[in-house]
Ligand SMILES: Nc1ncnc2c1ncn2[C@@H]1O[C@H](COP(=O)(O)OP(=O)(O)OP(=O)(O)O)[C@@H](O)[C@H]1O
Ligand SMILES: [Mg+2]
């Protein structure tokens, strides 16, 4: 189904309206965007500018009111709900603020969840989940529950869970929002490593210039539109 020459992701004139009638609110007013495979992107912009709305559309968690969303050349906006869910499971990984880990469940079982939903057999799940925990540096913590892990470690478990299915794209909405700056830098280094060494395209929302500094492309949102895109940003350089 995929067209290998197409950009990984294209958004064309994406409009998203919440509500109807006089109280309707246009959160996205015609977003145009192209995302190349292998990029590491930081999405920035004021509160309410449409960052999460865009991430939710890209993550197939929500649908645009109008406009086109192409993933590997496939028109996602024309897919049925279950086809979109398949695309999500096969190609996308999510890390959202607040971790969303199951509380009384070990790190290993948390990471296994997406594979359980997919119906992978137990032995295969264990192996893949341990490999993902190893990638995020938590192999020796597999049997700990979230309460027994630090905020940074919990976020690592959430990242392991997002990458256990080998996604093409990792979508992270404020992945360091709950962390102190030292832990935040560790998470950024981990995302950089996944981008460089596992070839995962990373798209992350952040309010913090220090975190955006890790990205190669920076997309600035304003009032429901892409205001400006900085390409070829040197990783580690200051972001204004
Ligand atoms: N489900 C919804 N129903 C109604 N309005 C919504 C809904 N989701 C978002 N909005 C509105 O759309 C606008 C954009 O919201 P969005 O969550 O995308 O902002 P954001 O850029 O992620 O902001 P923040 O930095 O605060 O997370 C906001 O004005 C918000 O109130
Ligand atoms: Mg948001």
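The values are calculated or read from the model by the stated rules, or taken from the named source; none is laboratory data. Computed from a predicted structure; not experimentally measured. We place every Cβ from the backbone using ideal geometry, glycine too, and count neighbours over all the protein chains shown.
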Go through region 155-178 and give me each residue that's free of Cβ contacts under 8 Å to residues at least 60 places away in the same chain and surrounded by fewer than 24 Cβ atoms within 10 Å (Cβ to Cβ). 166
Within region 29-73, work out how many residues are more than 8 Å from ligand 1 (Cβ to nearest atom), over 20 Å from residue 89 (Cβ atoms) and in contact with a helix residue (DSSP H, G or I) (Cβ under 9 Å, 6 or more places away or on another chain). 12
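Are any of the residues in region 50-60 within 16 Å of ligand 2 (Cβ to nearest atom), buried (at least 16 other Cβ atoms within 10 Å of the Cβ) and not in a helix (DSSP H, G or I)?
Yes, some residue in region 50-60 is within 16 Å of ligand 2 (Cβ to nearest atom), buried (at least 16 other Cβ atoms within 10 Å of the Cβ) and not in a helix (DSSP H, G or I).
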Every residue from region 74-86 that is in a helix (DSSP H, G or I) and either out of contact with any helix residue (DSSP H, G or I) (no Cβ under 7 Å at 6 or more places or on another chain) or within 16 Å of ligand 2 (Cβ to nearest atom) (or both): 77, 78, 81, 82, 83, 85, 86
Inspect region 111-127 for any residue being on the phi > 0 side of the Ramachandran plot and either part of a helix (DSSP H, G or I) or touching a helix residue (DSSP H, G or I) at 6+ places or on another chain (Cβ under 7 Å) (or both) and give the result as yes or no. no
Considering residues of region 16-49 that are in a strand (DSSP E or B) and farther than 22 Å from residue 202 by Cα only, the residue farthest from ligand 2 (Cβ to nearest atom): 30
Only unsatisfied item for residue 125, checking (1) without any contact (Cβ under 8 Å) to a residue 40 or more places away in the chain; (2) surrounded by 21 or more Cβ atoms within 10 Å (Cβ to Cβ); (3) within 16 Å of ligand 1 (Cβ to nearest atom), is (3)
Of the conditions (1) within 16 Å of ligand 1 (Cβ to nearest atom); (2) at pLDDT 90 or above; (3) at positive phi, the single one that residue 18 does not satisfy is (3)
Just checking, does region 2-15 include any residue being touching a helix residue (DSSP H, G or I) at 6+ places or on another chain (Cβ under 7 Å), at pLDDT 95 or above, in a loop (DSSP other than H, G, I, E, B) and within 21 Å of residue 174 (Cα to Cα)? no
Sort through 147, 162 and tell me the only one that's more than 18 Å from the chain's Cα centre (by Cα), more than 16 Å from ligand 2 (Cβ to nearest atom) and in a helix (DSSP H, G or I). 147
Can you name the number of the only condition in (1) more than 20 Å from residue 189 (Cα to Cα); (2) in a helix (DSSP H, G or I); (3) within 23 Å of the chain's Cα centre (by Cα) that residue 103 fails? (2)
